[in-house]
Amino acid sequence: MNVETAATLEIKTVAELRQMCKSRGIVGMSKKRKDIVIDALLAKNIGTATSNIGEIVKETKMPSKIASEIPGPVTAVSFGMKSILTKPSARMGDKTTTTVQVSCGANTAEFPVIGKTVGAVQEFLKEVLNIDRIAEGQVNGKTSTTSYVLQEGDVLEFIKPAGRKG
Amino acid sequence: MNIIIVGLGGIGSMLCDNLLRYLNHLNVPGGVKVDLIDGDHYETKNSERQTFSRLGDKASVKCAEMNYKFNNIVCFDHKEFINENNVARLIPTGAIVFLCVDNHISRKVISNHCQTLNDVTVISGGNEYTDGNVQLFQRKGGVNLTANLTEYHPEIEFPEDQSPEDMSCEELSKSEPQLLFTNLTVATIMCWMFYSIYIGKDITKHGEVYFDISSMATLAKVRTPKSN
């Protein structure tokens, strides 16, 4: 089965999209806007693709010796990503913004700074996180330049200078 | 077990009392040898943050106290500040070093020396007025398991302060204000690290622990060695 992408659906007319919904058992789309109809079709595709994977796994049979040597399918993935509600009145999918964990010393928090540079974040959060002027920025444990643009999944730390006294 | 405590100020004197009390009851095979290193004197003005039973050389006074209190450990005093000339004699391979000094020059000297040893554990603490940090540098079989003290801290790599040896008596007596509870927190986190190492927990993912009394926060950070 061909699984459409957002791009392939965008070029179709609303009438065609509504017909596709009808043929796939998606109800309540006859008066909806084009973007909502596309979202519904994409959501349906994800469900179909997932169920197809299950069918392939079930149908494929191989000798037990070979099967034992091949790593099993990925059943779980863990990654750190958080979102916060930034636009409650926006359309579904645009209501939240993915955040980046930013820390300096013992102080840490999630901030919606994806697309911002490390230098800009340092300036913006210097009062909030008490970031020292000479603190070095590290993204995912590696030294970063101030011009690095933060992406989803990044963890940013400004290394707080070590305490001198004792 | 060879324990070395460098610096017996606000952090070191409180660490010493509690760590040695714990060690005394451990029944470590082969016993526990403790070296206390500090070239400074305990004076009345230090009493607001430091625990000593009498005035005098810090290393000698604390050593006598510990040997009197605890039967299962043997304590030795070294009345000298650590420097590039004596560090190799004072810190041998296999030691567990608690670094409680009040300057980055001493931290750098010890970090550089320990980088040349085969096996060593360094737990280094320091603080400002209400916040601070504890670093763990572990090296086994000539390989760094965590970053050394200077890798993530250019202020230690390029220290701007003075060694206590190079300071006049007047400069030494002018210490910046410190909070007893901040010193105590550093000493406590140093004990956490030691305990985790002693019970065999892998704490290489917690190479540095920060705390901030004013925000009631503690945060552990990974410190992967950048070079080996």
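A:Ile134 to A:Val149: extension gain in nm, 0.36 nm per residue of separation minus the Cα-Cα distance?
Difference between extended and current length: 3.4 nm.
Treat each spin label as a single point 7 Å out from the Cα along the C-beta direction, and report the A:Glu16 to B:Asp57 distance in nm.
Label-label distance for A:Glu16 and B:Asp57, simple model: 9.2 nm.
Take chain B, connect every pair of alpha-carbon atoms lying under 10 Å apart with a spring to form a Gaussian network, then pick out the residue of B:Asp35, B:Asp161, B:Asp131 with the largest mean-square fluctuation.
B:Asp161
Take peptide A:105-112, look around each residue's Cβ out to 10 angstrom, count Cβ atoms belonging to other protein chains, and average those counts.
5
Can you give the helix-only mean residue ellipticity at 222 nm for chain B, where every DSSP H stretch with n ≥ 4 adds -39500 (n - 2.57) and the sum goes over all residues, rounded to the nearest 500 deg cm²/dmol?
-9000 deg cm²/dmol
List every residue whose amide H lies under 5 Å from the amide H of B:Tyr42, counting only residues 5 or more places away in sequence or on a different chain, with H placed 1.01 Å from N in the peptide plane.
Residues meeting the amide H criterion: B:Gly56, B:Asp57, B:Lys58.
Please enumerate, by chain and number, the lysines with C-alpha under 16 Å from the C-alpha of A:Lys160, excluding those fewer than 8 residues away in the same chain.
In chain and number order, the partners are A:Lys126, A:Lys142, B:Lys221.
When Lys and Arg each count +1 and Asp and Glu each count -1, what net charge do the other residues less than 9 Å away from B:Ile37, Cβ to Cβ, add up to?
Cβ neighbours under 9 Å give a net charge of -3.
Is the shape of region B:120-161 rounded, prolate or oblate, going by the alpha carbon gyration tensor and its root eigenvalues a ≥ b ≥ c, with a/c under 1.5 for rounded and a/b larger than b/c for prolate?
Since a/c reaches 1.5 but b/c is at least a/b, the shape of region B:120-161 is classed as oblate.
Round to the nearest 0.05 the FRET efficiency obtained for B:Tyr22 and A:Ile114 when R0 = 30 Å and r is the Cβ-Cβ distance.
0.05
Defining a contact as two alpha carbons under 8 Å apart and six or more residues distant in sequence, what relative contact order in percent does region A:96-159 show?
It comes to 42 percent, rounded to a whole number.
With the cut-off at 1.5 for a/c, could you classify region B:104-228 from its C-alpha gyration tensor as rounded, prolate or oblate?
It comes out oblate by the Cα gyration axes.
Where the centre of each part is set by its Cα atoms, how far does region A:101-166 sit from region B:26-43, in angstrom?
Measuring centre to centre over Cα atoms gives 39 Å.
Would you kindly derive the ³J(HN,Hα) couplings of region B:194-209 from the backbone phi angles with the Karplus curve 6.51 cos²θ - 1.76 cosθ + 1.60 (θ = phi - 60°), listing them in order in whole Hz, with x for Gly and Pro?
The phi angles translate into 4, 4, 4, 5, 4, 7, x, 6, 7, 10, 5, 7, 10, x, 8, 10 Hz.
Just tell me how shielded A:151-163 is by partners: mean number of partner chain Cβ atoms within 10 Å of each residue's Cβ, no decimals.
5
Spelling out what I want: for every residue of region A:125-140, take phi, set θ = phi - 60°, compute 6.51 cos²θ - 1.76 cosθ + 1.60 (Karplus), and round to whole Hz; glycine and proline get x.
9, 4, 7, 5, 9, 6, 7, 5, 4, 9, 4, 8, x, 10, 10, 6
From the square roots a ≥ b ≥ c of the eigenvalues of the alpha-carbon gyration tensor of chain B, which class results: rounded (a/c under 1.5), prolate (a/b over b/c), or oblate?
Because its axes are fairly even, with a/c under 1.5, chain B counts as rounded.
Among DSSP beta bridges whose residues both lie in region B:2-221, state the antiparallel percentage, nearest 5.
Of the beta bridges lying entirely in region B:2-221, close to 55 percent run antiparallel.
Extending each Cα 7 Å along its Cβ direction at A:Arg33 and B:Asn71, get the distance between those two points in nm, one decimal.
Going by the 7 Å Cα→Cβ label model, 8.4 nm.
Would you work out which of A:Thr98, B:Tyr129, A:Phe124 lies farthest towards the positive end of the dipole of the protein assembly as shown, given +1 charges on the beta-carbon of Lys and Arg and -1 on that of Asp and Glu, about the Cα centre?
Result: A:Thr98, furthest along the dipole toward the positive end.
Report the relative contact order of chain B, percent, no decimals, based on alpha-carbon pairs under 8 angstrom and at least 6 residues apart.
In percent, rounded to a whole number, it is 19.
Taken together, the values in this text are just the output of simple stated rules run on the coordinates, not laboratory data. What you see is a predicted model; the values in this text were computed from it and never measured. Cβ sites come from the backbone with ideal geometry, for glycine too, and all protein chains shown count toward neighbours.
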